[in-house]
There are 2 protein chains.
Amino acid sequence: MNDITDDQKRRYHHGDLRRAVIDTAMTMLADGEGNQLTLREVARRAGVSHGAPYKHFPDRAALLGELSLIGFEQLGGALAAAEAAAEGNLALALPAVARAYLSFGLENPALYRLMFSLETGGNIDLHLNPRAFATFEIVLRLLERAQAEAIVRKRDAREQAAACWAQLHGLTLLSLDGLLIPQKVGSRPVEASIEVLLEGLRAGQ
Amino acid sequence: MNDITDDQKRRYHHGDLRRAVIDTAMTMLADGEGNQLTLREVARRAGVSHGAPYKHFPDRAALLGELSLIGFEQLGGALAAAEAAAEGNLALALPAVARAYLSFGLENPALYRLMFSLETGGNIDLHLNPRAFATFEIVLRLLERAQAEAIVRKRDAREQAAACWAQLHGLTLLSLDGLLIPQKVGSRPVEASIEVLLEGLRAGQ
DNA sequence: ACCTGAACACCGTTCAAGT
DNA sequence: ACCTGAACACCGTTCAAGT
């Protein structure tokens, strides 16, 4: 994760402050210290003055955008791994990917929230979105293949993918907010929601 | 909305600062100025010193909690109205309530986000949650009656309600985030998600 | 080229003092 | 009983000055 050498850390101009800032911030998110994720605190932990990060990020939002990007990469990786583990069995892949999505959110609460908390202001061409769409596309391709194998009802696969994403996103956030109890993958409300989703995709073939 | 008389506004001790603070904050949310929703700015707009609100709210989170409560009341009202408009026709009531939920979120973006942004820290006994559960229960009762009329598949209605809530919550937030295009009630991705949800509820009777 | 430190305009929160 | 204003410990951001 942190491939900065001690040498670089000690260097006068720090070596790779940009990476150090990102790593520090990611660590804070993972440690549940996301509420203290201020530029000044990150600079402090990176052992650098509070103005230094501005040489590498135009502003705080830019750093958060970078973290969000990393989050979407990790989420995409987790979904791809779950799909690969199903070894082409689409009937298994669909629920496996759904559970992988939820697990990612529940295991990375602060990061997951951050990924969706960037006020895009309706600007779709953001830095962030290509990654978000990559995640979306994993589900989309899966549904297209599932339709071809008649595992899933034939209808606009983009719409189905949107429905899947909405269900998983909502389930993840309600769980994180403590509004679904118990809030674990494998628990009834979570599993039931996944079942209702899959039945909705299959229905009326 | 604002039932403070001019008299009261001019009174030395303001009359009802608590209500004035809440009304000012709600107005800011409705006007898309939620990003400036600071205690100091609200006090400024209410024409009062920045310390004054502390006589009525222990801290900023308490004010936000109050706003969240009002939001859940309004959402509950909107859902109940949609259900009532269906006049007992449960096949119509289900999609009507779903659309009412989405409409509320899309028409009150800042308020809707606020309602779910309070870090409960896993504390379920919060002030907020009775109202959140009241919203949940409208959907729950509806599903129970729909099961009785065989419009919806028989299974644990609490689980079905959780699935509905997750779908609607996710759909609302993805739309607000600009990740579903176009993001209007009645548009294809939104309608399709509702259809998939309803089919999932009906499936396998 | 990269970092520091003072400076500015903000916050939330507290608290003595005023009415 | 309710509000004011100074004070404190924070922010994000900028910018001249240092190395």
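Bear in mind these aren't lab numbers, they're just calculated from the coordinates by the rules spelled out. Quick caveat: nothing in here was measured; it's all calculated off a predicted structure. Quick reminder, even Gly has a Cβ in these numbers, built from the backbone with ideal geometry, and neighbours come from all protein chains shown.
For the protein assembly as shown, just say rounded, prolate or oblate: build the C-alpha gyration tensor, square-root its eigenvalues into a ≥ b ≥ c, call rounded for a/c under 1.5, and beyond that prolate if a/b exceeds b/c, oblate if not. Oblate. About its Cα centre, the protein assembly as shown has a charge dipole of approximately 440 debye under the convention of +1 per Lys or Arg Cβ and -1 per Asp or Glu Cβ, with nothing else charged. Across chain A, C-alpha contacts under 8 Å between residues 6 or more apart give a mean separation that, scaled by the residue count, equals a relative contact order of 17 percent.
Neighbour counts of C-beta atoms inside 10 Å place A:VAL97, B:VAL190 in the sequence A:VAL97, B:VAL190, starting with the fewest. Of the complete DSSP H runs in chain B, those spanning 20 angstrom or more by Cα along the long axis with a mean Kyte-Doolittle score not below 0.0 are B:60-85, B:90-107, B:129-148, B:157-176, B:188-202. The charge dipole of chain B, taken about its Cα centre with unit charges on the Cβ of Lys, Arg, Asp and Glu (plus for the first two, minus for the last two), comes to roughly 220 debye. Taking the number of Cβ atoms within 10 Å of each Cβ as an exposure proxy, the fewest-first ranking of B:VAL196, A:VAL139, A:VAL185 is A:VAL185, A:VAL139, B:VAL196. Computed on segment B:63-179, with alpha-carbon pairs under 8 angstrom and 6+ residues apart, the relative contact order is 33 percent. Between copies, the label points at A:PRO130 (set 7 angstrom from Cα along Cα-to-Cβ) are spaced 5.1 nm, reported in nanometres from shortest to longest.
The same position B:TYR54 in the other copies lies at 3.0 nm from this copy, comparing label points 7 Å beyond Cα toward the beta-carbon, shortest first.
Considering only A:PHE116, A:LEU102, A:GLY34, the residue lying farthest towards the positive end of the dipole of chain A is A:GLY34, judged by Cα position with unit charges set on Cβ.
In plain terms, the C-alpha convex hull of chain B casts an average shadow of 13.0 nm² when viewed from every direction.
Ordered by the number of other Cβ atoms lying within 10 Å of each residue's own Cβ, fewest first, B:MET115, A:MET28 fall into the sequence A:MET28, B:MET115. Distant-in-sequence amide contacts of A:GLY15, defined by a placed amide H-H separation under 5 Å and a gap of 5 or more residues or a different chain, comprise nothing.
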